[in-house]
Protein chains: 2
Amino acid sequence: MGGDFAPAEIVAGARRAVDEWGLEVLLVGVPERLGDPGGLEVVACSEVIEMGDDPAASVRRKKDSSLVRAAELVRDGRASAMVSAGNTGATMASALLRMGRLPGVVRPCIATPLPNPGTTPTLLVDAGANAECTAEMLGQFAQMAAAVVRTHYGVDRPRVGLLSIGEEPSKGTPLVKEAHHLLSSLEGFEFAGNVEGRDLIPSPVDVVVTDGFTGNVALKTLEGALNFVFSTVLAAIDTDESTRAAGRVLLAPLGPTVARLTPENQGGAMLLGLKGICVISHGSSNATAIMNALRVAAEMDREGVVTTLRDTIRPDQKE
Amino acid sequence: MGGDFAPAEIVAGARRAVDEWGLEVLLVGVPERLGDPGGLEVVACSEVIEMGDDPAASVRRKKDSSLVRAAELVRDGRASAMVSAGNTGATMASALLRMGRLPGVVRPCIATPLPNPGTTPTLLVDAGANAECTAEMLGQFAQMAAAVVRTHYGVDRPRVGLLSIGEEPSKGTPLVKEAHHLLSSLEGFEFAGNVEGRDLIPSPVDVVVTDGFTGNVALKTLEGALNFVFSTVLAAIDTDESTRAAGRVLLAPLGPTVARLTPENQGGAMLLGLKGICVISHGSSNATAIMNALRVAAEMDREGVVTTLRDTIRPDQKE
């Protein structure tokens with residue numbers, strides 16, 4: 001029920017994931033608003049958390065909403081994962097409250113893949129779940145993201161960079177300095193030291209760790225800059241016949257990069273640290289984006305990501 | 001003496017500013033390292049603060065460095081402004097320690113112009129001077145940047161946005177929420193509420209205010225994304241004869257935007273809140289960038305920006 005193009009594009013994406021990859025998809029929604037479910041099974045609910053609703057309050061109040069019901073399907077073992085393009089805060093709150101945190105996890109985080117030309121993506125954590133973080137949280141985000149990079153992208157020894165405003169360990173806020181010290185001592189990845197905003201795309205590391213405020217600002221800055229340049233180039237190409245012809249010539253060498261940068265091919269962000277899988281798709285998701293988000297969710301299930309993260313963050317690590 | 005292409009490009013840029021605009025430029029540097037000063041007056045010094053030097057310590061120790069001496073020329077009224085492409089932290093420290101803060105200013109900030117297609121640039125404050133900020137500091141940054149937007153870009157009633165992770169006043173860190181409240185009550189600009197990373201380019205506001213950590217990450221993310229796309233497009237254009245021909249066709253409609261986005265045309269960042277003018281040019285500055293930074297510094301002097309900022313931040317406003 002969520003996202004700018006729901007429910008039509010969501011249903012179409014689910015249908016394509018079934019047809020092309022044989023995934024089993026349950027649609028959770030209000031039947032009379034859902035339209036034709038394309039032959040997919042519908043788990044009916046009576047409420048919808050809208051994009052503008054307060055996340056925590058709406059999850060408490062709208063107990064029969066599609067987001068809460070989807071999280072319950074995962075909790076109850078009726079689904080292996082949930083995917084949503086709706087209210088991000090409410091998606092997180094539903095997943096957190098219904099699935100629960102893994103033992104020892106202080107707070108779940110959002111891991112957003114950033115494309116790198118010619119190699120595996122870089123995970124940006126936290127991309128917006130926690131505006132305020134402690135160094136301990138950043139340490140766990142790094143460990144969880146590194147574990148996912150290993151299982152999901154097959155990178156043996158992930159390199160982790162800490163987002164700051166200079167390469168020296170002395171640069172940044174007190175939180176960043178403390179996190180720098182902590183990350184140097186943790187296992188499960190190679191700590192590459194501080195990285196900067198210009199190291200996000202392309203990135204020299206597999207994981208960029210930061211608090212959810214900085215991460216969300218950086219992610220949206222990146223998206224905004226790419227959107228701006230692409231729309232500028234597309235407008236230039238559309239000037240007249242000769243520029244349209246020139247655009248067609250350039251599309252061949254540019255195609256792979258453009259495809260890689262297109263959000264709909266990236267499959268959405270992963271919510272890490274819960275007793276279940278939740279993939280958060282962009283609010284502007286079309287059918288292709290949803291199809292890819294479902295693929296990522298299915299892969300995470302097949303890879304046993306929850307078990308991996310459970311083993312990564314052992315409660316005895318904490319005190 | 002500072003910057004990746006010093007001293008040759010710095011001297012060349014100064015020479016062009018003299019030739020094209022009739023500015024009077026003093027070169028501050030170590031004569032034997034400076035090379036041919038192109039007929040410009042050289043204020044000789046014996047030391048250089050290098051890019052990797054610790055800012056505060058080097059300004060204390062290297063009292064006869066080009067940065068410290070340049071700041072003293074402004075303090076002593078021998079120069080109207082200083083321009084540097086060197087160690088940013090040391091440039092700020094020199095200017096702060098030698099020129100001093102304007103009465104009532106808690107901390108100076110860096111205002112970096114972000115280009116907007118078809119209209120005046122947006123000032124991002126603080127772009128990196130202060131990793132840690134209070135709401136009061138953000139309020140002053142907004143007031144100072146708004147005053148500069150008014151005098152320098154001729155915008156009558158500047159719109160100020162607060163960088164956050166959602167439009168609602170409830171979004172963000174405690175600092176952002178407190179600053180949101182404070183900005184609503186200040187005079188001298190129209191507070192447009194929270195803006196997000198995607199609102200940096202193009203921007204719906206004239207000033208984006210944030211702490212120096214977030215601002216620096218956002219600025220470098222923006223630069224990195226634009227560099228990445230431009231280098232990708234240029235590589236695609238350079239594939240073969242047909243793509244090079246296509247590139248030439250597209251350059252006509254794309255030219256103005258590319259020119260606007262090119263850092264060397266933007267003239268550098270302004271250090272605001274001191275009893276003198278300091279323009280910080282990018283470390284990668286070539287002669288054109290230096291020439292434009294000198295132009296901006298001269299304009300700020302002609303516009304009386306220091307007097308304007310003195311009147312903007314009155315000590316009695318504080319506490």
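Rule-based calculations on the coordinates, nothing more; no lab input. All of these numbers come straight from a predicted model, not from anything done at the bench. Cβ sites come from the backbone with ideal geometry, for glycine too, and all protein chains shown count toward neighbours.
Brief remarks follow.
- Diffusion coefficient of the range B:112-265 by Stokes-Einstein, Kirkwood radius over Cα pairs, 4 °C, 1.567 mPa s: 78 µm²/s.
- Evaluated with a Cβ-only charge set (Lys, Arg +1; Asp, Glu -1), the range A:1-157 carries a dipole of roughly 460 debye about its Cα centre, given to the nearest 20.
- Residue-averaged [θ]222 nm for the protein assembly as shown, counting only DSSP H segments that reach four residues, each worth -39500 (n - 2.57): -15000 deg cm²/dmol
- Counting Cβ atoms of other protein chains within 10 Å of each residue's Cβ and taking the mean over peptide A:202-213 gives 2.
- Selected from A:113, B:37, A:51, residue furthest toward positive end of dipole (the protein assembly as shown; charges at beta carbon): A:51
- Put a plus charge on the Cβ of each Lys and Arg, a minus charge on the Cβ of each Asp and Glu, and nothing anywhere else: the dipole of the range B:112-265 about its Cα centre is then about 300 debye.
- Positive-pole candidate from A:160, A:144, A:232, dipole of the range A:109-265, charges at beta carbon: A:232
- Over 25 Å (Cα to Cα) - which of A:171/B:220; A:220/A:275; A:220/B:177 fall in this group: A:220/A:275
- Per-residue mean of foreign Cβ neighbours for A:237-250 is 5 (Cβ atoms of other chains, 10 Å radius).
- Relative frequency of Cα-Cα separations exceeding 33 Å in chain A, percent: 27
- Inter-chain Cβ neighbour count for B:127-137, averaged per residue, equals 2 (cutoff 10 Å, partner chain atoms only).
- The range A:113-206: GluC sites (Glu not before Pro) in DSSP loop, at most 10 other beta carbons within 10 Å: A:187
- Sorting A:279-287, A:70-78 by their mean Cβ neighbour count within 10 Å, with the most densely packed peptide first, gives A:279-287, A:70-78.
- Straight-distance candidates among the aspartates and glutamates for linking to residue B:63, with alpha-carbon spacing under 15 Å and chain neighbours fewer than 8 residues away dropped: B:47, B:50, B:53, B:54, B:72.
- Comparing A:127, A:181, A:94 along the charge dipole axis of the range A:71-204, the residue lying farthest to the positive side is A:94, per the Cβ-charge model.
- Under a model in which nothing but the beta-carbon of Lys, Arg (+1) and Asp, Glu (-1) is charged, the protein assembly as shown shows a dipole of about 620 debye around its Cα centre.
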